[in-house]
Amino acid sequence: MLELSILWPSIANGLATGAIYALVALGLTLIYGVLHIINFAHGAALMVALYGVQLLFTRYGVDPYAALAVMVPAMFGFGYLLQRLVIGRASHGKDENILLVTLGIAIVLENLALVLFTADTRTIETRWSLATIDVAGAFIAVPKAIAFVGVLAAAAILLAVMARTDLGRAIRALAKERQGAKLVGIDVEHVFAMSFGIGLACLGAAACFLLPAYYVNPTVGNGFVLVAFTIVVLGGMGSFAGALLGGLLIGVVESVSGLYLGESLGQIGIFVIFLLVLMFRPTGLFGSKA
Amino acid sequence: MTPSMRAVGPIVVFAAAAALVPLAVDSDAWLNFVVLALFGALMAQAWNVLAGFGGQFSFGHAVFFGTGAYAMAALQVRLGVNAWVALPVALAAGAAVGLFIGALTFRYGLRGSYFALATLAFAEIFRILANTFQFTGAGVGLQIPLAKGWAALQFEGRAGYLYVALAFVVAGLAIGTWLKHSRFGAWLQAVRDNEEAAQALGVDAYRVKLGAIAISGAMMAAAGAFYVQYLHYIDPALAFGPHYSVEALVGALVGGMGTVWGPVVGAFALHLLSDATRNAFGDVPGVSLMIYGALLVLIVMFAPRGLVGLFAALVSKLRDSK
């Protein structure tokens with residue numbers, strides 16, 4: 001058994017990473033909950049947002065946190081158009097088709113990034129990059145601490161939008177009862193695209209918080225796809241609270257299993273959890289029904 | 001003449017034509033093209049057995065590819081086994097991994113998108129394992145010793161490889177024909193079209209799907225084993241990364257899922273296209289996969305039955321207009 005003095009920093013770091021995972025998963029679970037589609041391009045879209053933040057910083061000197069003002073609306077627009085112009089038209093009413101189309105989009109985005117930016121891994125260096133703060137004996141990188149707080153704020157805003165606004169009500173109505181929503185005059189295609197846009201806007205925010213403590217390369221999204229799906233099935237498909245708690249939990253599991261199993265084998269914990277949840281508890285830990 | 005006998009004719013013509021290529025063509029680049037297209041066809045055929053005929057979409061077929069490749073390489077490098085002995089073991093390993101994954105996923109009723117994601121997770125787990133243990137060479141991978149000659153299943157020129165790949169593809173065409181006309185194939189397609197209805201009629205859907213994933217796994221493992229013999233090297237990212245999962249899936253979709261010839265047509269079309277783009281844009285990494293992705297979106301949007309489906313629609317239209 002390892003000492004608590006090693007375990008706590010690992011848990012604290014896991015919570016900070018888990019917060020980012022949670023925001024990525026929130027976008028995914030929103031898209032799943034409303035459109036009932038599995039967005040396989042979610043990781044690739046996160047990669048696009050990370051490059052956006054990186055370019056804004058290196059070309060125009062925009063601070064990653066200031067970039068929120070650009071990236072959130074930009075990713076929203078990207079998502080809206082993607083759903084409206086491509087995904088919505090390709091489904092032909094079959095789940096497999098949507099999975100294949102979003103896979104195709106992921107492949108295109110990833111390889112477009114490879115062509116434009118090469119396979120090099122890029123990082124940015126802000127004034128905060130190397131600073132750490134002391135959280136009850138655990139040294140946490142400042143960007144990670146900021147990300148933790150920022151992600152919780154973003155999640156609160158998202159939940160407020162869903163609970164209080166007309167758009168949120170329309171989205172929830174559509175998620176529950178597609179025909180009924182149509183009958184009361186909700187523009188289904190528009191609200192679908194809005195939901196997809198909000199899902200990707202979460203990624204725009206996640207990218208701004210993530211990049212100062214992380215890196216970007218064309219395949220960076222792959223690591224997030226399965227993690228985000230794990231969180232979403234763990235938390236129960238379409239459940240916001242589940243995605244938040246699941247994200248934090250997975251962050252801790254990843255960090256602690258890396259500590260015990262070593263860096264290479266440690267990544268396996270997430271995938272094993274994913275398969276176990278799918279097999280034994282497909283409604284998730286917080287989901288009520290299938 | 002039974003329908004399955006009638007299907008033999010085109011396969012014989014295709015095999016003879018492909019076998020004549022090394023005698024007629026001297027260009028190394030063209031021979032390499034045919035070898036890689038056959039290799040792609042084999043992977044697409046493997047994916048097609050499970051997804052096209054069985055309706056179970058795998059996003060992680062690389063798990064079988066890598067299993068075959070690593071079995072082939074590790075048996076030769078670590079245990080000194082002859083390549084001809086290693087080959088059937090590699091195929092059996094692919095089938096065994098297929099049975100293992102199938103038993104876990106189908107037993108617990110994973111379908112559609114969930115099955116796709118589960119296969120992807122298995123591919124990732126295998127990649128991490130191959131990346132960790134010394135037996136598989138960890139991150140460095142395995143390199144098989146050079147020993148050109150039939151005895152070691154390695155060849156001086158490309159012609160030998162072409163015949164090996166062709167033999168596998170012809171076997172794949174035979175399997176496709178068998179699925180079209182056999183009782184097992186009928187069960188499998190019934191499960192694809194409506195699992196509940198098939199079960200109500202007495203089809204054991206679980207065992208039928210297990211059979212399909214075992215056959216598919218063995219075929220994909222054959223492609224992995226071929227890869228190791230052709231390029232003499234394998235590492236975790238090559239073996240279990242997303243590239244070959246995607247190539248298998250796109251090849252079958254572009255050609256036409258659930259058809260005998262679709263995967264072959266699709267693989268040759270893809271390789272023609274990626275060669276043409278390489279000539280046009282130079283060898284920029286990413287361009288050919290980008291086109292695969294775009295093609296995947298377009299095919300799903302506009303031609304869900306693939307090239308073979310388009311061709312069939314064209315033929316029936318011509319017939320109607322007569």
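Seen from a random direction on average, the alpha-carbon convex hull of the stretch B:37-95 projects onto 4.4 square nanometres.
For the pair B:Val81 and A:Val135, label points projected 7 Å from Cα toward Cβ lie 4.9 nm apart.
Within a 10 angstrom radius of each residue's Cβ in B:53-60, how many Cβ atoms of other chains show up on average? Whole number is fine.
Counting other chains' Cβ atoms within 10 Å and averaging over B:53-60 gives 1.
Averaged over the residues of B:278-288, the number of partner chain Cβ atoms lying within 10 Å of the residue Cβ comes to 3.
The distance linking the stretch A:25-94 with the stretch B:145-192 is 42 Å (Cα centroid to Cα centroid, whole angstrom).
Result for chain B in a Gaussian network model with C-alpha springs under 10 Å: among B:Leu166, B:Leu273, B:Leu142, the largest mean-square fluctuation is at B:Leu273. For peptide B:127-138, the mean count of partner chain Cβ atoms within 10 Å of a residue's Cβ comes to 2. Dipole check for the protein assembly as shown: with +1 at the C-beta of Lys and Arg, -1 at the C-beta of Asp and Glu, and the Cα centre as origin, the magnitude is about 1360 Debye. Amide H contacts under 5 Å for A:Thr132: A:Val142, restricted to partners 5 or more places along the chain or on a different chain, H placed in the peptide plane at 1.01 Å from N. With Cα atoms as the point set, the radius of gyration and Dmax of the stretch A:88-203 evaluate to 20.2, 57 Å. With all pairs of different alpha carbon atoms counted, what Kirkwood hydrodynamic radius in Å does the protein assembly as shown show? It is 25.4 Å.
Listed peptides B:70-80, B:153-163 appear in the order B:70-80, B:153-163 once ranked by packing, highest mean of other Cβ atoms within 10 Å at the front.
The distance linking the stretch A:244-274 with the stretch B:8-33 is 50 Å (Cα centroid to Cα centroid, whole angstrom). Since only A:Val70, A:Leu183, A:Ala243 are under comparison, the one whose Cα sits farthest along the positive direction of the charge dipole of chain A, derived from C-beta charges on Lys, Arg, Asp and Glu, is A:Leu183.
How much length is gained if the chain between A:Leu85 and A:Leu265 is pulled fully straight, taking 0.36 nm per residue apart and subtracting their Cα-Cα distance, in nm to one decimal?
Between A:Leu85 and A:Leu265, full extension yields an extra 60.7 nm.
Partners of A:Lys144 within straight-line reach, counting aspartates and glutamates whose Cα lies under 18 Å from its Cα and excluding those fewer than 8 residues away in the same chain: A:Asp63, A:Glu125, A:Asp134, A:Glu254. Residue separation of B:Lys148 and B:Thr2 scaled by 0.36 nm, minus their Cα-Cα distance, works out to 48.2 nm of gained length. Listed by chain and number, the aspartates and glutamates whose alpha-carbon sits under 15 Å from that of B:Lys180, ignoring those within fewer than 8 places in the same chain, are B:Asp193.
Among the chymotrypsin sites (Phe, Trp or Tyr not before Pro) in the stretch A:32-89, none sits in a DSSP loop with a Cβ that has at most 13 other Cβ atoms within 10 Å.
For the pair B:Glu156 and B:Ala197, label points projected 7 Å from Cα toward Cβ lie 5.9 nm apart. A 26 angstrom limit on the alpha carbon distance is what I want to check against. Which of A:Lys94/A:Lys176; B:Lys209/B:Lys317; A:Lys176/B:Lys209 exceed it? In this structure, B:Lys209/B:Lys317; A:Lys176/B:Lys209 exceed 26 Å between Cα atoms.
Give me A:Met47, B:Met220, B:Met301 ranked fewest to most by other Cβ atoms within 10 Å of their Cβ, as a rough exposure proxy.
Working: A:Met47 26, B:Met220 36, B:Met301 17.
If I rank by nearby Cβ atoms, fewest first, I get B:Met301, A:Met47, B:Met220.
With chain A treated as a Gaussian network of Cα nodes joined by springs under 10 Å, which of A:Asn217, A:Asn97, A:Asn39 yields the largest mean-square fluctuation? Most flexible of the set in this elastic network: A:Asn97. Using +1 at the Cβ of each Lys and Arg and -1 at the Cβ of each Asp and Glu in the protein assembly as shown, identify which of A:Ala106, A:Leu28, B:Leu110 lies farthest towards the dipole's positive end. My answer, from the dipole projection, is B:Leu110. When the Cα positions of A:Asn217, A:Ala131, B:Thr2 are compared along the charge dipole of the protein assembly as shown, B:Thr2 comes out farthest toward the positive end, with charges on each C-beta of Lys, Arg, Asp and Glu. Close amide H pairs (under 5 Å, H built 1.01 Å from N) link B:Tyr233 with B:Ile144, residues at least 5 positions away or on another chain.
Taking 16 Å as the straight-line reach from the Cα of B:Lys148, the aspartates and glutamates in range (excluding those fewer than 8 positions away in the same chain) are B:Glu156.
Between A:Val184 and A:Val272, the simple label model (points 7 Å from Cα in the Cβ direction) yields a spacing of 4.7 nm. What FRET efficiency do you get for B:Ala294 and B:Phe14 if R0 is 22 Å and r is their Cβ-Cβ distance, rounded to the nearest 0.05? For B:Ala294 and B:Phe14, the calculated efficiency is 0.20. Each Lys and Arg adds +1 at its Cβ and each Asp and Glu adds -1 at its Cβ; summed about the Cα centre, the stretch A:23-218 shows a dipole of about 360 debye. Within the listed set A:Ala119, A:Ala205, A:Ala44, the residue fluctuating most in the Gaussian network model of chain A (springs between alpha-carbon atoms under 10 angstrom) is A:Ala119. Would you mind classifying the stretch A:146-287 by shape? Square roots of the alpha carbon gyration tensor eigenvalues, ordered a ≥ b ≥ c; an a/c under 1.5 is rounded, otherwise it is prolate if a/b is larger than b/c and oblate if not. Taking the square roots of the gyration eigenvalues as a ≥ b ≥ c, the stretch A:146-287 is prolate. Restricted to Cα atoms, chain A shows a radius of gyration and a Dmax of 18.7, 60 angstrom.
Relative to the compact-globule scaling 2.2 N^0.38 Å, provide the ratio for the alpha-carbon radius of gyration of chain B. All intermediate terms of the calculation are to be shown ahead of the outcome.
Numbers: Rg = 19.4 Å, N = 322, 2.2 N^0.38 = 19.7 Å.
In units of the 2.2 N^0.38 Å rule of thumb, it is 0.98.
As a rough footprinting exposure proxy, the listed residues B:Leu249, B:Leu201, A:Leu261, A:Leu112 were ranked by other beta carbons within 10 Å of their own, and the order from fewest upward is B:Leu201, A:Leu261, A:Leu112, B:Leu249. Taking the Cα centre of chain B as reference, the dipole from Cβ charges on Lys and Arg (+1) and Asp and Glu (-1) amounts to some 640 debye.
Read-outs: derived from the displayed coordinates by stated rules, not from any lab. None of these values were measured; they are calculated from a predicted model. We place every Cβ from the backbone using ideal geometry, glycine too, and count neighbours over all the protein chains shown.
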